[in-house]
1. Could you please find all residues in region 164-197 being of a type in the set (Gly, Ala, Ser) and within 17 Å of residue 138 (Cβ to Cβ)?
2. With the condition kept exactly as written, say whether any residue in region 187-198 is in contact with a Gly (Cβ under 9 Å, 6 or more places away or on another chain), crowded, with 20+ Cβ neighbours inside 10 Å and in contact (Cβ under 8 Å) with a residue 40 or more places away in the chain.
3. Check off (1) more than 15 Å from residue 7 (Cβ to Cβ); (2) in contact with a helix residue (DSSP H, G or I) (Cβ under 9 Å, 6 or more places away or on another chain) for residue 77 and give me the number that stays unchecked.
4. Restricting region 30-53 to residues that are closer than 14 Å to residue 78 by Cα and surrounded by fewer than 22 Cβ atoms within 10 Å (Cβ to Cβ), which is farthest from the chain's Cα centre (by Cα)?
5. Specify the residue that is farthest from residue 223 (Cα to Cα); the eligible residues are those in region 192-209 that are of a type in the set (Asp, Glu) and assigned to a helix (DSSP H, G or I).
6. Go through region 205-230 residue by residue and tally those that are buried (at least 18 other Cβ atoms within 10 Å of the Cβ) and farther than 26 Å from residue 21 by Cβ.
7. Of the conditions (1) part of a helix (DSSP H, G or I); (2) over 19 Å from residue 85 (Cα atoms), residue 13 fails just one. Which one is it?
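Only the coordinates and a few stated rules stand behind these numbers; no lab work does. Since the structure is predicted, the reported quantities are computational estimates derived from the model, not experimental observations. Cβ placement follows ideal geometry from the backbone for every residue including glycine, while neighbour counts extend to all protein chains displayed.
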Amino acid sequence: MTHEAVVLTPSFGNCPYRRANEEFVTEWYAQTYGIPSVIGRDEIGRQYFSRARAINNAARLALQQHPQRDILIIADNDLIPDASPFQRALKLARRAPAITPHALTLLMSEEGTCKFLETGEPSDYKVTRTGSTSYVIMTRENFMRVNGMDELFEGWGAEDGAFLLSIERQLGYLIKMYGRRVHLWHPLDPSRADHENRQRNRDRRSAYRVSSAGAVRLLAREYGPLNLLGVPLDTETNEEEERQTWCGNTPLQSRDWPAEHP
């Protein structure tokens, strides 16, 4: 099934920490499974980054670049899955609405992540039960049936949970496995500090939780219909602006991290 799959991952900007993770994870999928990654960007000029818009944009690009690969691995570029549940999920992708392969996350520290990028072995981590979100495997057809991800979520949080609820309400169910995944360290999203925006996202996710299937169908289409045949314009990024947004003016530690990326 790996020859039918493609990874959709959102770009979180040009902070070197994020870029180092992105390059490692993209290469890992390519070398381990021969699966290409398509990186989606959000439109510029908005106050907050939208992970949902970036993933929908990645889905549009994937249809153009890899039209025969219609099993979508929707995953952040800071996550490495365990092999066994990942492979089982790929085999189930055409027989279930969607699959989340993980229930546990190994949250690695900055030091543990530096070592992981060198050795591929997780260390210095804590285990959390937050593994079902931010990683979904489903067909392109089912992604289109739920209208992709809700682009009205902006800033940090809640869009991934709403996406799982949207799948469950619109497609009937999803399969949740109990594997684990490794999470690579990176600076926190600055929009986490905007409590008003976070609450808006939580309120919208709550609407998905309490609504019927018909109401969720309408909620998921409030931002407009998902059109995978068109790629939005104006998705280029200002690298220096993103670097300041994500990393501030704090000098990067030079030990195991690249000081710059091309």
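1. Taking region 164-197 as the starting set, the residues that turn out to be of a type in the set (Gly, Ala, Ser) are 166, 172, 179, 191, 193.
Within region 164-197, 166, 172, 179 meet the criteria.
2. No.
3. (1)
4. Here is the first cut: in region 30-53, the residues closer than 14 Å to residue 78 by Cα are 37, 39, 51.
Narrowing further to those that are surrounded by fewer than 22 Cβ atoms within 10 Å (Cβ to Cβ): 37, 39.
Details: 37: 12, 39: 10 Å.
The qualifying residue farthest from the chain's Cα centre (by Cα) is 37.
5. Within region 192-209, the first condition is being of a type in the set (Asp, Glu), and the residues that meet it are 194, 196, 203.
After this cut, where a residue has to be assigned to a helix (DSSP H, G or I) as well, the list is 196, 203.
Numbers: 196: 20, 203: 16 Å.
My answer is 196.
6. Of region 205-230, the ones buried (at least 18 other Cβ atoms within 10 Å of the Cβ) are 205, 208, 216, 219-220, 223, 226.
Next cut, farther than 26 Å from residue 21 by Cβ only: 208, 216, 219-220, 223, 226.
Looking only at that region, the number is 6.
7. The failed condition is (1).
One line per residue, one yes/no per condition, for (1) part of a helix (DSSP H, G or I); (2) within 21 Å of residue 99 (Cα to Cα); (3) out of contact with any Ser or Thr (no Cβ under 6 Å at 6 or more places or on another chain); (4) touching a residue at least 40 places away in the same chain (Cβ under 8 Å):
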{"position": "22", "(1), (2), (3), (4)": "yes, no, yes, yes"}
{"position": "25", "(1), (2), (3), (4)": "yes, yes, yes, yes"}
{"position": "35", "(1), (2), (3), (4)": "no, yes, no, no"}
{"position": "48", "(1), (2), (3), (4)": "no, no, no, yes"}
{"position": "62", "(1), (2), (3), (4)": "yes, yes, yes, yes"}
{"position": "72", "(1), (2), (3), (4)": "no, yes, yes, yes"}
{"position": "77", "(1), (2), (3), (4)": "no, yes, no, yes"}
{"position": "80", "(1), (2), (3), (4)": "no, yes, yes, yes"}
{"position": "86", "(1), (2), (3), (4)": "yes, yes, yes, yes"}
